[in-house]
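The values are calculated or read from the model by the stated rules, or taken from the named source; none is laboratory data. Here the structure is a predicted model, which means the values were calculated and not measured. All Cβ positions, even for glycine, are placed from backbone atoms using ideal geometry, and neighbour counts span all protein chains on display. Areas reflect the complete protein model, heavy atoms only, side chains present, ligands, DNA and RNA absent. Shrake-Rupley method; radii C 1.70, N 1.55, O 1.52, S 1.80 Å.
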2 protein chains.
Amino acid sequence: MLRTHTNGELRLENAGQTVTLVGWVQRTRDKGGIFWIDLRDRYGITQLTLEEGQEAETLREAARELGREFVIQVTGKVAERYSKNDKMPTGDIEIRVESLEVLNPAKLPPFLIEDDTDGGDDLRMKYRYLDLRRTPVRQNLMLRHRMAQAVRRYLDAQNFIEVETPVLIKSTPEGARDFVVPSRMNPGEFYALPQSPQTFKQLLMVSGFDRYFQIVKCFRDEDLRADRQPEFTQIDCEMAFVEQEDILNTFEGLVQYLFKEVKGLEIGKLPRMDYADAMRYYGNDKPDTRFEMKFVELNDVVKGQGFPVFDNAELVVGINAMSCAAYTRKQVDELTEFVKRPQLGATGLVYARVEAGGNVKSSVDKFYSQEELQKWKAAFNANEGDLLLILAGPADKTRKALSELRLEMGQRLGLRDKDTFSALWVVDFPLLEYIEEEGRYFAMHHPFTSPKPEDMTLLNNPETIGQARANAYDMVINGVEVGGGSIRIHDRAVQAQMFSLLGFSPEEAQAQFGFLLDAFEYGAPPHGGIAFGFDRLCSLFGGADSIRDFIAFPKNNSGRDVMIDSPSEISQAQLKELSIKTDVVTGK
Amino acid sequence: MLRTHTNGELRLENAGQTVTLVGWVQRTRDKGGIFWIDLRDRYGITQLTLEEGQEAETLREAARELGREFVIQVTGKVAERYSKNDKMPTGDIEIRVESLEVLNPAKLPPFLIEDDTDGGDDLRMKYRYLDLRRTPVRQNLMLRHRMAQAVRRYLDAQNFIEVETPVLIKSTPEGARDFVVPSRMNPGEFYALPQSPQTFKQLLMVSGFDRYFQIVKCFRDEDLRADRQPEFTQIDCEMAFVEQEDILNTFEGLVQYLFKEVKGLEIGKLPRMDYADAMRYYGNDKPDTRFEMKFVELNDVVKGQGFPVFDNAELVVGINAMSCAAYTRKQVDELTEFVKRPQLGATGLVYARVEAGGNVKSSVDKFYSQEELQKWKAAFNANEGDLLLILAGPADKTRKALSELRLEMGQRLGLRDKDTFSALWVVDFPLLEYIEEEGRYFAMHHPFTSPKPEDMTLLNNPETIGQARANAYDMVINGVEVGGGSIRIHDRAVQAQMFSLLGFSPEEAQAQFGFLLDAFEYGAPPHGGIAFGFDRLCSLFGGADSIRDFIAFPKNNSGRDVMIDSPSEISQAQLKELSIKTDVVTGK
């Protein structure tokens, strides 16, 4: 090895030892007759010193030539520092340098390699290998490694087997867009990259593997938002001979283990919430339960007093922003603007303050007497100093807008602390949702999800199809859906019925999923599973909003890797060999 | 859970307990008033019994309807068996069934789900999910899981961090063919799937990650042989601030750990052999060292005695097939045919037997006196009963043919036992090899491999380029190259020189690998690494020749997954969205 120790390793008890260190020059100072070098590696920073007279002058001259990010190797004696730095693990010692070799010089980096850098997003993406040198980014990837190791440890101990499923699979019409791969050996045909290993893990259950998992790359060719990547990683799991309760318990255990191992936190048992309740009380199927501020429905309380906005609304619903009665007019106007933005589309915001003494003062006092307003106060269980925020309109749209307002208020009130974690299961999702534009039902989870046995008959009547619930569940932490899954169909006839409900002809179903339908006829056990978004889970554990900094080499919002300049044109010879042409005139 | 125990779990001490089991019906017998069912799951087989009168007759009637591979759930009492089966872990007990439910019936499988099946390769590939039910195949995948877990445990303990590198990368002209992926968002442009994460792991070293690994899918669009797959898995590793010796020690440790953990074997320290010696003594850069039978070069011993085949040959070289003097004429003729096959192309085989008493009898006695033949015997260090097999011709071709003959003799003599393991490092590979048809040098390992410092000057002279050795190494076990790697170039100028030697113009080098060349200017540490073929390593540990049975869902020799019928045609709409056309007229 080119070193005897790392830069995070030496302590006072090493004083007197001769050591060899390697690393990057973080910074240098030449002051008061002493030349200092901070030497950095993955493990930490160690201070090197060259005192006047102590070392040969040629050594000091060499040191003066060092720039930021030079890679050097030094040998010297560990010595106690004159002035210690108790913020650094190596802060009690320094190395009195006796020899110094430049292993590789460095040009001046395009941005500062410091915890707080001056580099913009684009520059840091282009020089990602330099951005990865920064401690916060490196720590994200080390967290990710620790999490992956812990996931495997837990699942292995629970008798799960990691099985690698193929990356070159078959394109399917349902769901998001596939990435495809032309086959040279089979001209005119294409593989597809998996959006998930769903059918393969179900086949592994049919094979008797009983408990499967995989930390696996998946691919979706969707238009990208800030928190999406064309390739992403799932913790993909499946179990046979289980019921929903068994799966919830097993994976609740996984997440409890991760919090304990990685963050040192006990998150306790996860509450379970019906989808219906989540929508009713939070307007959202992934409620942020770090804070209460539940929805209060007011139709019975507010209607019939002559205020047309409320009287004509399908739903009047509000939240109690506790202790916000002192909000200024300007602050309330901001909230009104917030809910009136086009993506939420509320027509306005009604508010009411509970004043000192208990009187309620609202923005619609001309329609409501104090007596009526006291009923509001009671409905919200409000106290002096509280601010009630109320929306009215079509139920779904109003719930959605109020959900966003609730999150905004949570943010403003500091109730969404990144170091506080609140996890729960949302269960009993609808099986199907009708998409108006497409004129048909779509699977809310995916086409392999089983209906609740007691809701099976609802599927036989066009009027009630939409009411059928699925054996499906999501794990939600801090308002983020970190995982979701379902008990699967394991019966050929039920699966065929599901494909039919989704608009597949029997021929199409057989062409696309015949292997799975056939497999169900050879002894398929009851089974179910779950998949966690691993990038998202890591960013949540790391207290960040974006998944990008938890991925070593992410792509930008156009799906480009600007560092390696990909995607790129390929040669005509390559295209010809693959029996394809592009519609685009290229330079090659 | 639908069960209280697995089918591998119950023992005599459970007698008297009421249990619920689930699984697949392996077989049934109705004999002597008792109805037997062998119930199978991943964990084992448990015997179920229904005695006459003991259970209701309806239960027995239900049991008689059971077919092979039905999925059932039974509840009953654990009882001591009348006649125990000490070959089964559960052989002391049986379950007296009290209730039985069919969870899913099964059609008759297309082949027997037994250790020895009657299914042919094609049928088993089509119904892979049924083939995976067979114990030997399942055990292969469980071995693979255990190996992956052990690899991660070892490397994690050595401070390696697993980092996921991208799957959607950039096509490069060097090496094997890339699979490509058209980009919808960037029309006319393509991603490529990685043949290895080589440049990314080097960038991670530039980033200071210091010790990286990844168990990762890689892709090569090559014509497939029985032991190749278009997607395969590597254990990919890289270390910074190391020399070759450090890497050999670290990964020797990994393989020792794997043998110990997974096979319970101590394989000891790995010998190191120069590439030159491997070629000289085994005619092969991946020698099977489970047995000696080293090459003996005979030019000095046999020339000048008037035998033109030897006199005109560049190389005369042989092996001592010990104790084979009794080989019949027929057996020797077989060996002669073996080396004369077109792929080896030897013109003939000279042999000599050491007879009882020490006399040597050769196939070329008319050219060689007994005195001369005694010199052969001495050169081979041969004893009574040995058979000397000698080839002559151009050096490279003759070594290759003799290498195959040596392996054949090893096989015939039972010296290549699958449960014996002999591992070694082959080191000091040539840096470049000249490919006549292409008229240029190619990197023997890859273009990022560093020359040995002492051989750098050889690269400046066209006459000596081919003699330069690389800091490259392979790990070989039982004649199989399981891993290979090198110390990398970390200097921009040297890397640019290497691209130039490989025929890249400076512009081409910059366009393809500019990101790496640039990265080397910002403080790149010395680094090197290795990649192991994980499929191959698993098959070696599992004592099998083919990697296919260690992959859950392999493709056939045409790159097809016959189970899911992939690759397949995609719709015109999909093609249009991707801005590509196929040259093939399709039905869609």
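Of everything in segment B:416-455, what is surrounded by fewer than 14 Cβ atoms within 10 Å (Cβ to Cβ), in contact (Cβ under 8 Å) with a residue 12 or more places away in the chain and not aromatic (Phe, Trp, Tyr)? Give them in sequence order. Show your work before the answer.
Taking segment B:416-455 first, the residues surrounded by fewer than 14 Cβ atoms within 10 Å (Cβ to Cβ) are B:417-420, B:433-440, B:453-454.
The next check asks that each one be in contact (Cβ under 8 Å) with a residue 12 or more places away in the chain; those that pass are B:417-420, B:433-434, B:440.
B:Asp417, B:Lys418, B:Asp419, B:Thr420, B:Glu433, B:Arg440, listed by residue number.
Filtering segment A:381-409 to residues that are farther than 20 Å from A:Gly348 by Cα and buried (at least 19 other Cβ atoms within 10 Å of the Cβ) leaves only A:Ala382.
What number of residues within segment A:521-551 satisfy the criterion of being among the aliphatic types (A, V, I, L, M) and either within 12 Å of chain B (Cβ to nearest Cβ) or part of a loop (DSSP other than H, G, I, E, B) (or both)? It would help to see each step written out before you state the result.
Looking only at segment A:521-551, we keep the residues that are among the aliphatic types (A, V, I, L, M), and these are A:524, A:530-531, A:537, A:540, A:544, A:547, A:551.
From what is left, the residues that are either within 12 Å of chain B (Cβ to nearest Cβ) or part of a loop (DSSP other than H, G, I, E, B) (or both) are A:524, A:544, A:547, A:551.
Within segment A:521-551, residues that are among the aliphatic types (A, V, I, L, M) and either within 12 Å of chain B (Cβ to nearest Cβ) or part of a loop (DSSP other than H, G, I, E, B) (or both) number 4.
For segment A:505-515, a residue qualifies if it is free of Cβ contacts under 8 Å to residues at least 40 places away in the same chain and either facing chain B (nearest Cβ under 9 Å) or of a type in the set (A, V, I, L, M) (or both), and the qualifying residues are A:Ala509, A:Ala511, A:Gly514. Might you check whether a residue that is open to solvent by 10 Å² or more (accessible area, probe 1.4 Å), in a loop (DSSP other than H, G, I, E, B) and modelled with pLDDT under 95 occurs anywhere in segment B:30-49? Yes. Restricting attention to segment B:480-515, the residues that are small (Gly, Ala, Ser) and open to solvent by less than 20 Å² (accessible area, probe 1.4 Å) total 6. Looking at B:Glu569, B:Glu507, B:Glu521, just one residue is touching a Gly at 6+ places or on another chain (Cβ under 7 Å) and over 18 Å from B:Asp236 (Cα atoms), and that residue is B:Glu569.
For segment A:482-504, does any single residue satisfy the condition of being at positive phi and among the polar types (S, T, N, Q)? No.
With respect to A:Glu404, is the statement that it is of a type in the set (D, E, K, R), modelled with pLDDT of 95 or more and farther than 18 Å from A:Val296 by Cα true? Even if it seems obvious, please write down each step before you answer.
On the way: of a type in the set (D, E, K, R): yes; modelled with pLDDT of 95 or more: yes; farther than 18 Å from A:Val296 by Cα: no.
Against the criterion (of a type in the set (D, E, K, R), modelled with pLDDT of 95 or more and farther than 18 Å from A:Val296 by Cα), A:Glu404 does not qualify.
Filtering segment B:246-271 to residues that are more than 27 Å from A:Thr4 (Cα to Cα) and touching a Leu at 6+ places or on another chain (Cβ under 6 Å) leaves only B:Phe259.
Screening A:Tyr82 with (1) part of a strand (DSSP E or B); (2) loosely packed, with under 15 Cβ neighbours inside 10 Å; (3) modelled with pLDDT under 95 gives one miss only, at (1). Of everything listed in (1) surrounded by fewer than 24 Cβ atoms within 10 Å (Cβ to Cβ); (2) in contact (Cβ under 8 Å) with a residue 24 or more places away in the chain; (3) under 30 Å from B:Lys263 (Cα atoms), the single unmet condition for B:Ala176 is (3). Do we have B:Glu297 as open to solvent by 50 Å² or more (accessible area, probe 1.4 Å) and charged (D, E, K, R) here? Yes, satisfied. Per this entry, A:Phe219 is not counted among residues that are hydrophobic (A, V, I, L, M, F, W, C) and within 27 Å of B:Thr6 (Cβ to Cβ).
In the set A:Val137, A:Val163, which member is of a type in the set (A, V, I, L, M, F, W, C), closer than 30 Å to B:Phe179 by Cα and within 11 Å of chain B (Cβ to nearest Cβ)? Talk me through it step by step, then tell me what you get.
Working: A:Val137 fails: closer than 30 Å to B:Phe179 by Cα.
On inspection, the qualifying residue turns out to be A:Val163.
With respect to the conditions (1) surrounded by fewer than 19 Cβ atoms within 10 Å (Cβ to Cβ); (2) part of a strand (DSSP E or B); (3) more than 7 Å from chain A (Cβ to nearest Cβ); (4) not hydrophobic (A, V, I, L, M, F, W, C), B:Asp518 falls short on a single one, namely (2).
Yes or no: segment A:552-571 includes at least one residue that is part of a helix (DSSP H, G or I), surrounded by fewer than 21 Cβ atoms within 10 Å (Cβ to Cβ) and more than 7 Å from chain B (Cβ to nearest Cβ). Show your work before the answer.
Within segment A:552-571, the first condition is being part of a helix (DSSP H, G or I), and the residues that meet it are none.
So far as segment A:552-571 goes, no, none of its residues is part of a helix (DSSP H, G or I), surrounded by fewer than 21 Cβ atoms within 10 Å (Cβ to Cβ) and more than 7 Å from chain B (Cβ to nearest Cβ).
Scanning segment A:86-130 for residues that are open to solvent by 60 Å² or more (accessible area, probe 1.4 Å), within 13 Å of chain B (Cβ to nearest Cβ) and touching a residue at least 60 places away in the same chain (Cβ under 8 Å) yields a count of 1.
Give segment B:330-358 a look and list any residue that's in contact (Cβ under 8 Å) with a residue 12 or more places away in the chain and open to solvent by 70 Å² or more (accessible area, probe 1.4 Å), or say none.
Let us first name the residues in segment B:330-358 that are in contact (Cβ under 8 Å) with a residue 12 or more places away in the chain, namely B:332, B:335-336, B:338-339, B:344-358.
B:Thr347, B:Glu355, B:Ala356, B:Gly357, listed by residue number.
Scanning segment B:40-58 for residues that are within 28 Å of A:Phe160 (Cβ to Cβ), touching a residue at least 40 places away in the same chain (Cβ under 8 Å) and not basic (Lys, Arg) yields B:Gly44, B:Ile45, B:Thr46, B:Gln47, B:Leu48. The residues of segment A:146-189 that are of a type in the set (Lys, Arg) and under 24 Å from the mean Cα position of the chain (by Cα), listed by number, are A:Arg146, A:Arg152, A:Arg153, A:Arg177.
Please determine whether any residue of segment A:197-219 is farther than 30 Å from B:Lys555 by Cα and outside any helix (DSSP H, G or I). I'd like the intermediate steps shown before the answer.
Let us first name the residues in segment A:197-219 that are farther than 30 Å from B:Lys555 by Cα, namely none.
There is no residue in segment A:197-219 that is farther than 30 Å from B:Lys555 by Cα and outside any helix (DSSP H, G or I).
Go through the residues of segment A:187-202 one by one and say whether even a single one is touching a helix residue (DSSP H, G or I) at 6+ places or on another chain (Cβ under 6 Å) and of a type in the set (Gly, Ala, Ser).
The initial filter retains those residues of segment A:187-202 that are touching a helix residue (DSSP H, G or I) at 6+ places or on another chain (Cβ under 6 Å), namely A:199.
Checking which are of a type in the set (Gly, Ala, Ser) leaves us with none.
Among the residues of segment A:187-202, not one is touching a helix residue (DSSP H, G or I) at 6+ places or on another chain (Cβ under 6 Å) and of a type in the set (Gly, Ala, Ser), which makes the answer no.
Filter segment B:281-311 for residues that are basic (Lys, Arg) and touching a residue at least 40 places away in the same chain (Cβ under 8 Å); which is farthest from B:Leu415 (Cα to Cα)? Lay out the reasoning, then the answer.
Going residue by residue through segment B:281-311, those that are basic (Lys, Arg) are B:286, B:290, B:294, B:303.
In the following step, the residues that additionally are touching a residue at least 40 places away in the same chain (Cβ under 8 Å) were identified as B:286, B:290.
Working: B:Lys286: 16, B:Arg290: 7 Å.
Of everything passing the filter in segment B:281-311, B:Lys286 is farthest from B:Leu415 (Cα to Cα).
Name the single residue that is farthest from the other protein chains (Cβ to nearest Cβ) among those in segment B:168-191 being hydrophobic (A, V, I, L, M, F, W, C) and within 25 Å of B:Ser500 (Cα to Cα). The qualifying residue farthest from the other protein chains (Cβ to nearest Cβ) is B:Ala176.
The condition of being open to solvent by less than 30 Å² (accessible area, probe 1.4 Å) and modelled with pLDDT of 95 or more holds for B:Asn320.
Scanning segment A:521-548 for residues that are open to solvent by 20 Å² or more (accessible area, probe 1.4 Å) and on the phi > 0 side of the Ramachandran plot yields a single hit, A:Gly543.
State all residues of segment A:9-29 that are within 38 Å of the chain's Cα centre (by Cα) and not in a strand (DSSP E or B); if no residue qualifies, say none. Listed by number, the residues that qualify are A:Glu9, A:Leu10.
Applying the selection to segment B:150-173, what residues are open to solvent by 20 Å² or more (accessible area, probe 1.4 Å) and over 30 Å from A:Ser566 (Cβ atoms)? Within segment B:150-173, B:Arg153, B:Tyr154, B:Asp156, B:Ala157, B:Gln158, B:Asn159 qualify.
Does A:Leu248 qualify as being under 25 Å from A:His527 (Cα atoms), in contact (Cβ under 8 Å) with a residue 12 or more places away in the chain and either within 14 Å of chain B (Cβ to nearest Cβ) or loosely packed, with under 15 Cβ neighbours inside 10 Å (or both)?
Numbers: under 25 Å from A:His527 (Cα atoms): yes; in contact (Cβ under 8 Å) with a residue 12 or more places away in the chain: yes; either within 14 Å of chain B (Cβ to nearest Cβ) or loosely packed, with under 15 Cβ neighbours inside 10 Å (or both): yes.
Here the answer is yes, as A:Leu248 does meet what is asked.
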